[in-house]
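The values are calculated or read from the model by the stated rules, or taken from the named source; none is laboratory data. None of these values were measured; they are calculated from a predicted model. Cβ sites come from the backbone with ideal geometry, for glycine too, and all protein chains shown count toward neighbours. Heads up: the accessible areas ignore ligands, DNA and RNA and are worked out on the full protein's heavy atoms, side chains in. Shrake-Rupley method; radii C 1.70, N 1.55, O 1.52, S 1.80 Å.
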Amino acid sequence: MSILIVYDSIFGNTGQIAQAMADELSRTHDTRLASVQDARTLDMSGVDLLIVGSPTRGFRPTPEIQEFASRPDLAGAAASFDTRIDLETINPAPLRWVVQAGGYAAERLARELSEQGCHLVGEPAGFEVTGQEGPLKNGETERAAQWARGLVDLLPRTEGP
Ligand SMILES: Cc1cc2nc3c(=O)[nH]c(=O)nc-3n(C[C@H](O)[C@H](O)[C@H](O)COP(=O)(O)O)c2cc1C
């Protein structure tokens, strides 16, 4: 199975999550990892599973990854993830409600991918940072690897690596 993970990352946290997914999936599948900048010129044909990730900024994905997710040549199985702030680290507490109610990048990306005709696999996932610029909360890279493995397990098996 051919897997492509495309991500954007300002401070590096989403990149770390994407890398953890790539490390896990490349043990058993042909897996490529591309920043959203590098993905601009990528040929999307032959991709069996596309995973798209972004930091949540202002309740939404970055404009660059949003643009990628609206490419008309996307098709097939796809999933999305984001990084987001751990609500417990936000003060004062009423602000937590605002951040939560505003929504997150992964859900918006999933909607966009679906509108492009992709078939969504699994649920959009959020991985938490403990401050505006990170670091990632403990255990999030391991959870990301597990989430990515779970996506592959949802797909029909194909021959080869
Ligand atoms: C300008 C800005 C806006 C942000 N908006 C949100 C937000 O709406 N919701 C949220 O959960 N986190 C928000 N964050 C925290 C980001 O999600 C965090 O910076 C991101 O996960 C880091 O990922 P990166 O290292 O890949 O850039 C914001 C951070 C910045 C700097």
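Numbers for the structure displayed
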read-out	value
Computed magnitude of the charge dipole of the chain (debye, nearest 20; Cβ of K, R +1, Cβ of D, E -1)	240 debye
Karplus (6.51, -1.76, 1.60) ³J(HN,Hα), θ = phi - 60°, over region 58-69, in Hz, Gly and Pro reported as x	x, 6, 9, x, 5, x, 5, 6, 4, 5, 4, 5
Cα-based helix-to-principal-axis angle, 13-25 vs the chain, degrees rounded to 10	30 degrees
Over the chain: helical MRE at 222 nm, DSSP H runs n ≥ 4 each giving -39500 (n - 2.57), nearest 500	-10500 deg cm²/dmol
Förster radius 45 Å - calculated FRET efficiency between Asp43 and Glu142 (Cβ-Cβ, nearest 0.05)	0.90
Euclidean distance between Cα centres, region 124-158 to region 71-93, Å	10 Å
Exposed trypsin sites (Lys or Arg not before Pro) absent: longest stretch of the chain, with sites in DSSP loops and at most 11 other Cβ within 10 Å deemed exposed	28-156
Projected label distance in nm at Arg32 and Ser114, using a 7 Å step from Cα toward the beta-carbon	2.7 nm
Accessible surface, per residue, of the chain when the full set of protein chains is kept, probe 1.4 Å, Å²	51 Å²
Estimated inter-spin distance, Phe11 and Thr130, nm [label 7 Å along Cα→Cβ]	1.3 nm
Share, in percent, of DSSP beta bridges within region 35-118 that are antiparallel, nearest 5	10 percent
Apportionment of accessible area to carbon and sulfur, region 2-154, percent (1.4 Å)	49 percent
The chain: antiparallel DSSP beta bridges as a percent of all, rounded to 5	5 percent
